[in-house]
Structure formats: structure tokens, C-alpha cells
Amino acid sequence: MDSIEIGLVVVGIMLFMVLIGMRVAFAAALAGMLGLIWIFWAKKGYDPTEFIWALTVAVKTAGQVPHSKIASQALSLIPTFILIGYLAYYAGLTKALFEAAKRWVGWMPGGLAVSTVFATAGFAAVSGASVATSAVFARIAIPEMLKEGYDKRFAAGVVAAAGTLASLIPPSAILVIYAIIVEQDVGALLLAGFIPGAFSAVIYAALVIGLAMTIKGFGPPVGGFTWKQRFASLPGAFPIFFVVAIIIFFIYNPFGGDAWGTPTEGGALGAFVVFLMALYRGMRWPQLKGALLETAKLTVMIFSIIWGVLIFVRFLGFADLPGVFSDWITGLDQSPMLTLIFILLAYAVLGMFMDAIGMLLLTLPVVYPAVIALNGGEMVTAADSAFGVSGAGCAIWFGIIVVKMAELALITPPIGLNCFVVAGVRPDISVQEVFRGASPFFVADALTIAGLIAFPSIVLYLPNLLLGV
Amino acid sequence: MSGHSNVLEDGSLLSRLDRGLFKLETILALVGGLAAFSLMLLAVVSVSGRNLFNQPLPGYIDWIEQAMPLIAFVGVSYTQRLGGHIRMDILVGRLRGRTLWITEFTTTFLMLILMILLVWGTWAHFQRAFDFGSPNWSRDSSLDIGLPLWPMKLVVPIAFGVLCLRMALQLWGYGRAIVSGDTSPIAVPLIEDAATTAANEAATVSGFDEETK
């Protein structure tokens, strides 16, 4: 067998192990280890006396990966962003945000639902956790909406859908992970997520307003707030704006000159403000300890997949599988755009059964080089490319689309966790009803993704303008 | 995909070992969490030092790179105990009784073999950096302020070693369940459906807002 065939067999073994329920991180690492042993032993013609040599070399090759790949400054953004998320629950931000949103946009048609969209999106962005955000706002926003006479399916759907906006607006751990796996600038990815994330929130709000204007008795606006009351509601919600703004300013200085520091420092300062706020709101050691343990657990989970997949990637390099896959994809007798759409549809299906982080990490090492090749290569200019984006632009653009795609799975059956969590908090609303209520937002998201594909400049505007990508 | 799982307990030797190890794992995970927290404090000191006192923190990046292995590895066994490493459970979630425990035993056994190999591999990586004869016992050091790298390289095989113990205990638990055919065995993470996972997720973030208002 040549190395390509070994590569295909090992990928098959890995998929089988994932399918029978092995933890993703270990399935990837085991497949990588197995593949390395196999490839080294094959080089020696499967001589039985050389097996121990092949095993030793493979084990030592794989053994370098965890420490050397994890001890990096760029990756330190991930625990920081996760820490912000867990501290944010203790900072009293959720109710303050909802109250502020209600006072500022409650007067619009479907006002409470619009407020829910913005408050949930804002908190989701900072907490970075779609599912947990939906749980919190299911408790805060749904009772208020029901009191005003909103349809309960719709009220639940808004909360489930708005939670998905977590992944694009900075700070976004999943965009950091993407940037690291595909070896792109973390700052550029974080900046690029801002407009599509905000754009999605505006589309959601427009959808709510449209529904409120066409459906009779949808839900009354809540008005009557004075400007004084509006401004009074802002300080409680301030840390949210601070965290988003500081991360952006640490990537790009709006006042000219050098950026204020690295994204890592920006994230850490954001975390520190949220931490002070949480202390002020009564967080003490028991809550902090809980937050630290949860941070440790989630961080370890993510890092385990990262080193596991990187061991697998080490093997893929020896087997040259990504190169072969790219050649095959680019050799297909159809338009590159159609191929890209098929790839994205495959992600939509995969997302129905797999967690977003696991799915992206497992597939990107092979899929990402193929997409770049499809566009015309790393060095291609926008004018010569297949998708109308430069090589560097394509890396960013594809990342944003794929992450948006992965989040979509949170509100689609069968395992759309956001919908389950809302139904779990509200025993009077069934999961099916939440899925039904979230379906208009699914349609809106599909259109948003189509828009991002057709007009890459929506994604690339900020990185272009500010970082010259 | 699931993150959470619950683990049943009783008075047996296995369960006592499980809880004993869990105490150690919790301490290790807390060390990881505190390392993440100190990363935040470090950045605050670095930024304010640089901008307010014109005094950058020497070796800031070196310290981050030292903290990362603590954050990334020491909690690995804690996460395994709680079933926190994600996996696809759409298939195993449908299995029941002995079929389920045999499948779980098989995947855990393969994971244990992998981890034993990785303890060896990461230990070798540590050994290349460690030398009693060198200053700080160190053959390599960080770029800026020359911190020795071996202590953090040593963290990896230790954390993986604890994980091996955990997996061995889980194998024992699955093995017992295969023999007894028990539907709810102790000392292993039990699979939950999406609704239960969601309910747990909701529970971890509930309560605090209500208490403080």
C-alpha cells in the first residue's frame, strides 16, 4: 500500500471510532498515532524486527505535539474568552442588558422580541456560549413576552435563535480555533466576524418587525420610556460594550498609531472588567471556584481536541492526504462555486450530529486547503480567483461562513441544543414547538449565508479597511 | 454530542477509589482554572505597566507560554471523569445493557492504550529538555527571559498519567457492568439525551441572577 492508501484507511478507522462513541480528541490522536506507526513501518518493508523502531519513532513524533503546540501565546485567547463567559453570569449583565434593550428598542413593532434579539446577541457574544445564553434568556425574556401576549412558540424560538449569534461577534473562541488550525491571523478573523455577526442580529430584528407588522395581535410595542430612563439603563450593560470594544481596539487602534496591544491582552482586560463587575455584584469564592472549574473543564476539552487533531495532522502530512484531496476537488468537472456549496451543505448535515468545534477541527485540515485551492491558491488575487476573494481573504471569508453554518445546527433538529435547552427551562413549551418557533430564523440565516457568499465584501470590509488583508 | 454526564456512587471499593481520584482531579482542575485566571492578571499588569508606568513586564510572553500547559493539560482527567470530552453519542446513545458496556469498554480500552503511548512520548519530549548537568537542569529555555522549559514539559506526562489511572478505573467500572448486566453502573459517566444535557447546562447558569436581585 502506498501512503495515500494508508491515509484513506486510517481516516476510515478514525471515522469509525468517532461513530462508535470514542471521545473525538482521542479518536483523532489514536488514528494519528496508528497512521504514523504504519507509515514508518511500511518504509522498512514491514520487517518484523523494525516494528519497535517504527513504534518508537511514531510515539516520539506524536509525543512532541501536545506541549510544543499548546505552549503558544495565540492559544491563550481561548481560556481567556471562556473565563469571560463564565464570569459574565455573575456580573448581573443579563437582566441589565434586557432592561436596556427594552428601553431603547421596545417601542418598535414586536418590541419585546426585538429587545430579546439584541440583549441575547450581546450577552451571547461576551459569554461565547450559545446554549447557556439561551437558557438564561429563556428565564428572563420568555415570561415577559408571554405577559404581553406573544405566541409562546415564537417567544421560545427567538431566544433559541438569538443565542446562536454568539460565535461571530468578538470575543469568539471558535474563530480563534479556526484561525489557529488554518494558520491565519487571529486578529483579522475576530475583526471579520463583527459585521456579519451584527448583520445577523439586524436581520433577526428586521424579521421580527416584519412579522409583527403582518400578523395581527403579534405582540404590542412597549413604549413610554424617557431618554433619562434610557441612559440610566446603560451603565449596567456597560461591560458588554467594553469587552467587545477593547478587543477590537487591541487589534486595531481607531485613533491612529499602533494597536494598543495584542488581542490576548484585550481579552484579558475585558475579563478583568467583567471580574470586577462580578465581585461588585456579590460573586465570592464559591462562585469563583465554580467558574474556574467550569473554565478548566471547557478549556481542557477544547485543547484536547486541538492536540489530538494536531497529532492526526502530523500523520496527514506524511500521507499527503490534504494535497490529494485538493487535487481531486479542483479537478472536478463543475463550477468551483457549486463545489463550495456542496461542501457547506455537507457541513450543515454534519452539524446535525456533531458539536461545532469537533466538526471544524476534524474536517478543516483536509477541507481548508481544498477550498483555498478551489479559489485559485494562497497567492491568488481577487480578480483572478474563483470566488472573487484573494487567497488571504478567502481564508477569512470561508472561516466566517463555516462558523455561521455550524451555529445554524444549534436550531435544527434532531439535536439543536439551543431549542432543547429552551424547552428544558420552560416545561410548558415542547421541543417541537421551539423548533417551529425558530424556523423563521433558520430561513433568515440561510439567506444571510447566501448573502455572505455572494458579497464577500461584507465579511472582508473591516479586515481590509483596518488591517489591509 | 454531549459534554456533561453524571457518575453514580456507592460504598464499594471501586466507588471509593473513584471519589478519591476525583478529589485529586478536582484540585488539579482548579490549578488549571487558577492558571487561566492568573493569565488575566498577568495581562492587566503587563498592559498597565507598559502604558501607565512605561515599564513593560519582562518576559510576559514567556510566562504565558509557561501557563498554557497548566491550563491545557492538568484538568484532562477531571474532564474525562465528568464525561466532558465531547463525542458523538448518536449511536451509543441507542445501545442498552451489555452491548453498550462492551462498546464503552472497547473505546475506553483503546483510549487507554493511546494515553500510555503518549505518556511515553511526552516523557521522552521532557527528557530531551532535562539534564542534571546543565544550569537549572535545563537544556532549553524560553526566548526572552530564559525560563527553563522542562517543568512544563513534565506536566504533560504527569497529567496524562493521572488520565491513565482514570481510564483504568472506568474500564473496571465498565467491566463490572458487563459481568453484572447492570443498567446504571457506578464510577462511569452515563450517557444523557439532548434534553438532559440541556437541563444540566441550564442548571449551571441558573440561580445567581435571582439571588442577587
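Cα centroids of the range A:195-273 and the range B:7-23: how far apart, whole angstrom?
Distance between centres, Cα-based: 47 Å.
Count, for each residue of B:27-33, the Cβ atoms from other chains sitting within 10 Å of its Cβ, then give me the mean as a whole number.
Mean number of neighbouring Cβ atoms from other chains: 6.
Going 7 Å from the Cα of A:Phe199 along its beta-carbon direction, which residues of the range A:432-469 have the amide nitrogen within less than 11 Å of the resulting point?
So the set is A:448-462.
Hey, what do the phi angles of the range A:276-284 turn into as Karplus ³J(HN,Hα) couplings, whole Hz, using 6.51/-1.76/1.60 and θ = phi - 60°, x for Gly and Pro?
Each residue of the range A:276-284 in turn: 4, 4, 5, 4, 4, 7, x, 5, 10 Hz.
Each label point is 7 Å from the Cα along the Cα-to-Cβ direction; what then is the distance between the points at A:Phe16 and A:Thr226, in nm?
7.4 nm
Please list 3J(HN,Hα) in residue order for the range A:44-50, calculated via the Karplus relation 6.51 cos²θ - 1.76 cosθ + 1.60 where θ = phi - 60°; whole Hz, with x for glycine and proline.
Rounded to whole hertz, the list is 8, x, 6, 5, x, 6, 9.
Mind checking the range A:207-305 for chymotrypsin sites (Phe, Trp or Tyr not before Pro) that DSSP puts in a loop (not H, G, I, E or B) and that have at most 10 other Cβ atoms within 10 Å?
Listed in order of number, the matching sites are A:Phe255.
Of all the stretches in chain A, which is the longest one without any exposed loop site, taking trypsin sites (Lys or Arg not before Pro) in a DSSP loop (any state but H, G, I, E, B) with at most 13 other Cβ atoms within 10 Å?
A:285-469
Between B:Thr108, B:Thr26, B:Thr196, find the one with the highest GNM mean-square fluctuation for chain B; connect C-alpha pairs within less than 10 Å.
Maximum fluctuation in the GNM of chain B, among the listed residues, is at B:Thr196.
Take every residue in peptide B:145-157, count the Cβ atoms of other chains within 10 Å of its Cβ, and give the average of those counts.
Mean partner-chain Cβ count within 10 Å for B:145-157: 2.
Against the longest principal axis of chain A, how steep is helix A:285-319, in degrees 0 to 90 to the nearest 10, with axes from Cα atoms?
With both axes taken from Cα atoms, the answer is about 30 degrees.
What residue among A:Val371, A:Ile411, A:Leu361 has its Cα farthest toward the positive end of the dipole of chain A, where the charges are +1 on Lys, Arg and -1 on Asp, Glu, each on the Cβ?
Positive-end residue among those listed: A:Ile411.
Set the Förster distance to 45 Å, then compute FRET efficiency between A:Lys43 and A:Leu447 from the Cβ-Cβ distance, nearest 0.05.
The formula returns an efficiency of 0.30 here.
Which of B:Arg128, B:Arg19, B:Arg166 ends up with the largest GNM mean-square fluctuation for chain B, with Cα atoms connected below 10 Å?
B:Arg128
Residue farthest toward the positive end of the dipole of the range B:13-187, with Cβ of Lys/Arg at +1 and Asp/Glu at -1: which of B:Trp172, B:Gly32, B:Ile116?
B:Trp172
Please give the length that would be gained between A:Tyr280 and A:Val324 if that part of the chain were fully extended, namely 0.36 nm times their separation in residues minus their C-alpha to C-alpha distance (nm, one decimal).
So the extension gain works out to 10.2 nm.
Show me A:353-359, B:67-73, A:342-348, A:76-82 ranked by packing, highest mean number of other Cβ atoms within 10 Å first.
The packing order, highest mean first, is A:76-82, B:67-73, A:353-359, A:342-348.
By the scheme Lys and Arg +1, Asp and Glu -1, what is the net charge of all other residues having a beta-carbon under 15 Å from that of A:Leu55?
That sum, taken over residues with Cβ under 15 Å, equals +1.
Cut-off under 24 Å on the C-alpha distance; same-chain residues fewer than 8 positions from A:Lys43 excluded. Which lysines are left, in chain and number order?
A:Lys60
Pick from B:Trp123, B:Trp137, B:Trp101 the residue whose mean-square fluctuation is largest in a GNM of chain B, springs joining Cα atoms under 10 Å.
B:Trp137
For the range A:73-297, with the dipole built from +1 on Lys and Arg beta-carbon atoms and -1 on Asp and Glu ones, taken about the Cα centre, which of A:Pro220, A:Phe137, A:Gly187 lies farthest toward the positive end?
Value computed over the given set: A:Pro220.
Can you list the DSSP H helices in chain B whose Cα atoms extend at least 20 Å along the helix axis and whose mean Kyte-Doolittle hydropathy is 0.0 or higher?
B:13-52, B:60-73, B:97-129, B:150-180
As I understand it, the value is the acute angle between the Cα axis of helix A:152-162 and the longest principal axis of the Cα atoms of chain A; what does it come to in degrees, rounded to 10?
Computed tilt is about 50 degrees.
Between B:Asn6 and residues 5 or more places away or on another chain, which pairs have amide H atoms under 5 Å apart, with H built 1.01 Å from N, and which residues are they?
B:Leu190
Give the calculated FRET efficiency between B:Ser48 and B:Thr183 to the nearest 0.05, with a Förster radius of 51 Å applied to their Cβ-Cβ distance.
0.35
To the nearest 20 Debye, how big is the dipole of the protein assembly as shown about its Cα centre, given +1 on the beta carbon of each Lys and Arg and -1 on that of each Asp and Glu?
Roughly 1420 debye, rounded to the nearest 20.
Report, in degrees rounded to the nearest 10, the 0 to 90 angle that the Cα long axis of helix A:431-454 makes with the longest principal axis of chain A.
In chain A, helix A:431-454 runs at an angle near 70 degrees to the longest axis.
Using r as the Cβ-Cβ distance of A:Thr381 and A:Leu338, and R0 as 22 Å, what FRET efficiency do you calculate, to the nearest 0.05?
0.45
Compute the signed sum of charges (Lys and Arg +1, Asp and Glu -1) over the other residues within less than 12 Å, Cβ to Cβ, of A:Met354.
So the surrounding residues net to -1.
Per DSSP H run of at least 4 residues, take -39500 (n - 2.57); add these up for chain A, divide by its residues and hand me the 222 nm value, nearest 500 deg cm²/dmol.
-24500 deg cm²/dmol
Between B:Leu147 and residues 5 or more places away or on another chain, which pairs have amide H atoms under 5 Å apart, with H built 1.01 Å from N, and which residues are they?
B:Ser142
In sequence order, what are the phi-derived ³J(HN,Hα) couplings for the range B:133-140 according to the Karplus relation 6.51 cos²θ - 1.76 cosθ + 1.60 with θ = phi - 60°, rounded to whole Hz, with x for glycine and proline?
Values per residue, Gly and Pro as x: x, 8, x, 6, 6, 10, 8, 9 Hz.
Can you give me the distance in nm between label points at B:Ile102 and B:Ala124, each placed 7 Å from the Cα along the Cα-to-Cβ direction?
Between B:Ile102 and B:Ala124, the simple spin-label model gives 3.5 nm.
With +1 on the Cβ of every Lys and Arg and -1 on the Cβ of every Asp and Glu, and nothing else charged, how large is the dipole of the range A:73-297 about its Cα centre, in debye rounded to the nearest 20?
The dipole magnitude comes to about 900 debye.
Treating only the Cβ atoms of Lys and Arg (+1) and Asp and Glu (-1) as charged, compute the dipole magnitude of the range B:13-187 about its Cα centre; round to the nearest 20 debye.
So the dipole magnitude of the range B:13-187 works out to roughly 600 debye.
Give the relative contact order (percent, whole number) for chain A; include only Cα pairs under 8 Å separated by 6+ residues.
24 percent
Values in this text are rule-based calculations from the coordinates and carry no lab data. Just so it is clear, the model here is predicted, and its values are computed rather than measured. Here Cβ is always computed from backbone atoms with ideal geometry, including for glycine, and neighbour counts include all displayed protein chains.
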